[in-house]
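Heads up: the structure comes next, in structure tokens.
Please treat every number below as a calculation from the coordinates, not as lab data. This one's a predicted model, so the numbers in the text were calculated from it and none came from an experiment. When we count neighbours, we look across all protein chains shown, and the Cβ atoms used for this are built from the backbone with ideal geometry, even at glycine.
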Amino acid sequence: MAKSDERNLNITLNNQEDEDRVVLSLSTLIKKLKKYLLVWIVAACVIVVAAICYAAITTHVKKAELTALISFSYDGIEKGLDPKGMKLDINTIKNPSVIEAALTDLNIDLEQLEKVRQGITFEGRLPKDTIERLTVYDNVLGQSGNIGAAEKILETAYFPTQYTVSFDYNDTDLTDDQAVAVFNGILNEYTNYFYENYGYNESLGTSVTAIVYSDYDYAEAIDVFDNSLDTLKRYIQHLADEDETRFRSSVTGYTFEDLYASVSTIKSIDLDKISSYVIVNNLTKNKDESLAYYEYRIKELVRQRDELEEQLKAYEEAIDKYEKDQVLVFGGAEETNTQTSIASEQYDKMFNQKNLIASSLASTKQQINYYKDRQQALKNNSTGSKSMNEKVEADLAALSVKIENLVKVVSDTSEDYYKNVTFKNAYNVLVPATNTTSDKISRVVDNAKLPLIVLELLGIMVYFAIAFVQAIISDNNKAQALAEGKKNADDDDDDDADDASDDEKETEKDEKSDNKNNKKKK
């Protein structure tokens, strides 16, 4: 009996207004769920197919964004700075020159450049150590309400070292494959831009080789080459001072010391040889212009000498008057206490600056004497022959080729140094963009998830609602039929009772009539 009651558990809902009863049997609900299960499975399959078709169509019509992951790793990036100490501008990745180089390599029309540039966006990723700090502070704040922890959270600044780069190419005319190639091409091309901007001074090499020496007289051309070589020497010396590994390039096979020696050799042998030949033979394209040039250079150098002498005097006076930091050294007894002076950092800077000025002053004085000698020789002696001029021109042309080759070697060596030493992992494409068949399927599935979940939930709700309503209708129909049957049975019982009562009354009446007749007979 208990099992039967459990299987036929009824739920009765009373309507307070009309006192109607709604009866729902759990067994009936299960039967209805089974009855419509196949219909629901078919509907669910139809929903899956519809959602996938919808996602495929929308994915084809509106192309999904391509994404890639890049990272920076060098001193200063944790503070949001670039290698030069300035604020890092991540938007330099979509610099027009970078995009142009990528499009050119792929032979794609440059009219797409601006549309490509506008489609690239960046999203910084929170560094792991910052997440850990914020998590610790948040836990402390949540547990104790510590105000200090709240202040730490507000003070914790973070600068991303990794970026998610997205490329929306819906507004471009690029195909899927072209978009992937262009996007990855831009990210890879930025490597060259990064090294050129923060590594080798490309403008230096350009300035050294950009001057057309043939536009100048021989003496002026020699000065141009001399200045270019001095500039190149200073740059190489800077790299040599920065290098702590005695780097030897695998590309050129040179160290920075080798390159410095090469520049010094060209300057002291090749250039000086041409210079002495010009001076000894008084070679010039135009004697009057050369004399005017010498006069200008002497006056300019005299002004420079006077300025340097004033600067040197000022530094010497400042050094003499500068009070060094006093350090008191305590001994074991009072009379053994000693006091000494040490130079501060500022003092060292002034002393080093004084030495630099003194060196520049000495070089300037030598140049003044050099130009005076050349001026006197040109005034007092006749100029050289045409054949001598041709020889100098050939020597200058050969020297120009040597310097151009040397600049190329310096560029390759420094680029190799920055890529493999200074900025070995400074910029990396961690995850390039892809657009394989599996990627396309994955994007379709991703786009189908939301409508699929919504429609499936809606289908389940409809499925349960129909089963629920049908179960209520079925149980209430049964209950109504039972109620009507019971009512009819009760009515039949009442009729039988009435008939029996009438029979009893007739019998009683007959008995009374018989008794009366019997009495009369007696």
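Listed values, structure above:
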read-out: Cα-Cα over 20 Å, subset of Lys313/Lys354; Lys285/Lys365; Lys267/Lys354; value: Lys285/Lys365; Lys267/Lys354
read-out: Spin-label zone in the stretch 445-482 - amide nitrogen under 15 Å from a point set 7 Å from the Cα of Lys34 along the C-beta vector; value: 471
read-out: Among the listed pairs Lys233/Lys287; Lys273/Lys386; Lys233/Lys419, those beyond 27 Å (Cα-Cα); value: Lys233/Lys287
read-out: Extension gain from Lys79 to Leu26, taking 0.36 nm per residue of separation minus the Cα-Cα distance; value: 12.5 nm
read-out: Amide N proximity, the stretch 29-54 versus Val454 label position 7 Å along Cα-to-Cβ, cut-off under 17 Å; value: 47-54
read-out: Pair Ala318, Ser360: separation of 7 Å Cα→Cβ label points (nm); value: 1.3 nm
read-out: Projected label distance in nm at Ser214 and Lys299, using a 7 Å step from Cα toward the beta-carbon; value: 3.2 nm
read-out: Förster radius 45 Å - calculated FRET efficiency between Lys115 and Lys408 (Cβ-Cβ, nearest 0.05); value: 0.80
read-out: Difference of contour (0.36 nm per residue) and Cα-Cα distance, Ala483 to Asp258; value: 69.8 nm
read-out: Full-stretch length increase - Ala377, Glu309 - with 0.36 nm per residue and alpha-carbon distance subtracted; value: 21.6 nm
read-out: Two-site label geometry, Ser276 and Asp173: point separation in nm, points 7 Å out along Cα→Cβ; value: 6.5 nm
